[in-house]
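The values are calculated or read from the model by the stated rules, or taken from the named source; none is laboratory data. Quantities reported herein were computed from a predicted structural model and do not represent experimental measurements. Methodologically, a virtual Cβ is constructed for each residue, glycine included, from the backbone with ideal geometry; neighbour enumeration extends over all protein chains shown. Just the protein is used for accessible areas: all its heavy atoms, side chains included, with ligands, DNA and RNA removed. Shrake-Rupley method; radii C 1.70, N 1.55, O 1.52, S 1.80 Å.
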Amino acid sequence: MNFPSPSAARPAIGSFHATTPRRTTASARLSAGLAACAAVLALVVAGCAEIKPQASSERDLGPLVYPAPPDQPRFYFERTIMSSADVIADNEDDAWRRALTGESRAGFFMSKPYGIAVNRGRLFVTDTAERQVKVFDIPEGRYFTIGEEDPGQLAKPIGIDTDEAGNVYVADASTRTIQIYDRDGNHLRAIKGDDMFDRLASVTVSADGSLLYVVDIGGVSSQNHRVRVFDSMTGELRQDIGKRGNGPGEFNLPRDLAIGKDGKLYVVDGGNFRVQIFDNGGQFIDSFGAAGRQLGNFSRPKEVAVDPDGNVYVVDTAFGNFQIFNPEGELLMFIGQRSDSPGPGRYMLPSGIAIDLDGRVYFVDQWFRKIDVFRPAALKEGEGYTDAPLDTAAK
């Protein structure tokens with residue numbers, strides 16, 4: 001998705017285009033007009049657009065779009081996935097029976113979803129309460145689970161990622177193990193060791209599946225706040241990136257890592273309220289973000305993802321949204337609104353985020369036990385990895 005250059009567009013509800021370097025203070029980042037408009041700022045801090053309740057009369061007004069009109073649409077809210085019934089096609093006989101009896105359609109729901117990964121429309125979601133990975137295959141209309149029995153049984157799956165081939169990598173916080181499965185859930189191998197991790201937070205795999213970047217969040221009493229890099233096949237430790245601290249290249253409770261289009265590493269440094277950028281060799285390059293409640297600030301940053309154009313998406317649990325930055329860390333827009341009532345674009349406890357090759361964004365909320373799907377405006381409805389069979393979907 002191509003966003004306009006920061007200087008080419010005016011600030012608006014649902015989007016913000018930086019006009020000053022990101023190293024300046026939060027107030028300097030805001031344009032004079034936006035700073036003067038407190039009502040508008042309140043809406044932007046809460047999310048990307050003012051999202052109204054799901055009354056049918058309001059839904060009939062048209063699709064939920066980000067940013068709000070009159071600005072150019074960048075994303076459309078497409079659907080919500082809460083259970084297997086949202087991806088498995090309804091049976092005509094069952095639908096007729098329910099119409100006669102009044103019974104509801106059954107499905108397998110999520111209990112406490114956390115992390116999410118996607119591979120060509122197949123969603124892999126960690127469920128910490130059910131101790132498994134739930135798989136929702138949208139193009140194939142399938143649902144199944146991973147990690148319920150040995151080998152590869154899961155205790156507390158947290159972070160998750162996939163490589164280009166669709167192999168699945170799961171960080172198990174309880175057993176301090178990285179479990180690796182193929183795309184269909186068959187167990188391949190594990191990476192573990194008694195002293196290998198203090199407190200696992202996430203796992204990220206290179207596209208070719210050769211390297212694993214494992215975030216060790218450490219904890220209050222630990223000095224091991226770091227990213228550990230492993231050979232995916234042998235489990236050999238290649239290097240550690242970072243140590244505890246607040247200086248450049250140092251971490252305080254790191255949460256997640258994403259690999260950029262050019263191989264750069266983007267690490268959510270939660271306790272320092274920033275995202276740090278490293279080259280593919282682990283050398284510090286830059287950082288962006290600061291603690292606060294203004295545009296481009298972070299309050300409780302959690303997970304991160306990168307889209308096919310290299311833009312960086314950062315989940316903030318306290319804001320109830322995700323913020324989109326360009327590869328250099330300049331804020332582009334928000335999507336989402338913190339809310340204690342459910343609905344499209346409304347979040348109480350967001351956590352995981354993943355972006356498919358077609359640009360669709362999949363966003364997890366633990367509290368509402370859902371996955372919201374956002375389609376980039378450049379992708380037409382029905383295109384990409386959607387309900388069409390795989391052989392007719394995007395290649």
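Some notes on this structure:
- Checking each residue in the stretch 242-269 for being open to solvent by less than 10 Å² (accessible area, probe 1.4 Å) and polar (S, T, N, Q) picks out no residue at all.
- Output for the stretch 325-367, where each listed residue is aromatic (F, W, Y) and open to solvent by 40 Å² or more (accessible area, probe 1.4 Å): W367
- Filter pass, D184 being assigned to a loop (DSSP other than H, G, I, E, B), open to solvent by 40 Å² or more (accessible area, probe 1.4 Å) and more than 18 Å from T126 (Cα to Cα): no
- Flag for D216 being closer than 25 Å to T162 by Cα, within 25 Å of the chain's Cα centre (by Cα) and open to solvent by 40 Å² or more (accessible area, probe 1.4 Å): no
- Among the residues listed as D231, D194, the single one being without any contact (Cβ under 8 Å) to a residue 24 or more places away in the chain and surrounded by 13 or more Cβ atoms within 10 Å (Cβ to Cβ): D231
- Hits in the stretch 291-305 - residues which are touching a residue at least 40 places away in the same chain (Cβ under 8 Å) and either polar (S, T, N, Q) or open to solvent by 30 Å² or more (accessible area, probe 1.4 Å) (or both): R293, Q294, N297
- First in the stretch 86-102 and of a type in the set (D, E, K, R), second anywhere and open to solvent by 70 Å² or more (accessible area, probe 1.4 Å) and outside any helix (DSSP H, G or I), Cβ under 8 Å, 6 or more apart: D90/R105; D94/R105; R97/E103; R98/S104; R98/R105
- Test set (1) modelled with pLDDT of 95 or more; (2) open to solvent by 30 Å² or more (accessible area, probe 1.4 Å); (3) farther than 16 Å from L257 by Cβ - R238 fails condition number: (3)
- Flag not set for A89, criterion: closer than 25 Å to W367 by Cα and open to solvent by 10 Å² or more (accessible area, probe 1.4 Å).
- Being assigned to a loop (DSSP other than H, G, I, E, B), surrounded by 17 or more Cβ atoms within 10 Å (Cβ to Cβ), over 20 Å from the mean Cα position of the chain (by Cα) and without any contact (Cβ under 8 Å) to a residue 40 or more places away in the chain is a condition met by at least one residue of the stretch 137-152.
- Lone unmet requirement of (1) under 18 Å from the mean Cα position of the chain (by Cα); (2) closer than 22 Å to M82 by Cα; (3) not in a strand (DSSP E or B) for V133: (3)
- The numbered conditions (1) closer than 19 Å to D216 by Cβ; (2) out of contact with any helix residue (DSSP H, G or I) (no Cβ under 8 Å at 6 or more places or on another chain) are all true for N252 except (2).
- Within the stretch 109-130, being open to solvent by 10 Å² or more (accessible area, probe 1.4 Å), in contact with a strand residue (DSSP E or B) (Cβ under 7 Å, 6 or more places away or on another chain) and either free of Cβ contacts under 8 Å to residues at least 60 places away in the same chain or acidic (D, E) (or both) holds for one residue alone: T128.
- Residue among D94, D71, D86, D90 that is acidic (D, E) and within 22 Å of D184 (Cα to Cα): D86
- Considering each residue of the stretch 337-353 in turn, at least one proves to be more than 10 Å from the chain's Cα centre (by Cα), among the aliphatic types (A, V, I, L, M) and farther than 27 Å from D262 by Cα.
- Condition check for F288: open to solvent by less than 10 Å² (accessible area, probe 1.4 Å) and over 14 Å from Y213 (Cβ atoms): yes
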